[in-house]
1. Mind scanning LYS80/LYS126; LYS69/LYS234; LYS50/LYS128; LYS88/LYS126; LYS50/LYS88 and naming the pairs with a C-alpha gap bigger than 22 Å?
2. How do LYS284, LYS22 rank when sorted from fewest to most other Cβ atoms within 10 Å of their own Cβ?
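Read the figures in this text as sums done on the coordinates, not as results from a lab. Note that this is a predicted model, so its numbers are computed, not measured. Every residue, glycine as well, gets a Cβ built from its backbone with ideal geometry; the counts of neighbours run over all protein chains shown.
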Amino acid sequence: MTEVVKLSEYRNWLRDLKQQIKTGQIKAALSVNSQMIMLYWDLGRQIVEKQEKTKWGSGFIEQLSKDLKKEFPEMAGFSKDNLIHMRKFYRFYSSFAEQVVPQIAKQPVLQMTLVPWGHHVLLLKKVKDIKQALFYINKIIENSWSRAVLEYQIETNLYARQGKAITNFNHTLPEPQSDLANEIMKDPYNFDFLCLSEKAKETDIEKALVQHISQFLPELGIGFAYMGRQFLLKIGDSDYRIELLFYHTRLKCYMIIELKTKEFEPEFVGKLNFYITAINELVKDIHDNPTIRM
């Protein structure tokens, strides 16, 4: 009988401990998200100020993107498009922040740091009024909405249907099992910000291979020529990077290597095929054979 009681006590303690750990994970992810949003806010502010006080045109954002990505290659948040989102983010909320939050320290703006960056980008694209945006931010936190739910609520105009003004912001922690908690925990921008993601582990492998390229090439076989790591492909306004690119001198073709630290997923093939098409269109010479993947 004593063992039964002890087992019951252990199970109850284990249940509480799991909840405590999950809550701690969310708090840590929210802290990272908060720091990242504040960094993006400040980057947006500096970009706006530089463009207003100098003769720099919009082209400097593209140069800034290149320089930041060169310095922080593991971080995906410094694309040209994302820097433009940061500028818009600051412009959209700055007048409100200046009125209500001179030091960006009161609740409405602090609440914004609890929302994943992808949610903010969606709001910037879909909502033109600050009061509506703050309404949806409040609802995201209150109801732990995923980005898909947020988009649905915007499309169906929840703001107009409820007609509620923003009166206060209740600071609530997302439930561990909620959609918002899951998106915060998986937000690629968060993990790129820390450089601790699964992608970062793959990057570590890339770095090690490049550092020992003279030993790695013979392992691949005769004829492989190393063309670059994180090889840049510019398609329209977007930048894409191939993890490792080689050229085979005997086969007369480019060869792509993508490193993965997790089990195969079907979308990997689509991504590789996209890169193959891009190399064939942008890099391959007319005398080269079609690009292949490894």
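1. On the way: LYS80/LYS126 20 Å; LYS69/LYS234 14 Å; LYS50/LYS128 24 Å; LYS88/LYS126 13 Å; LYS50/LYS88 14 Å.
Pairs exceeding 22 Å: LYS50/LYS128.
2. On the way: LYS284 18, LYS22 15.
Fewest-to-most Cβ neighbours within 10 Å comes out as LYS22, LYS284.
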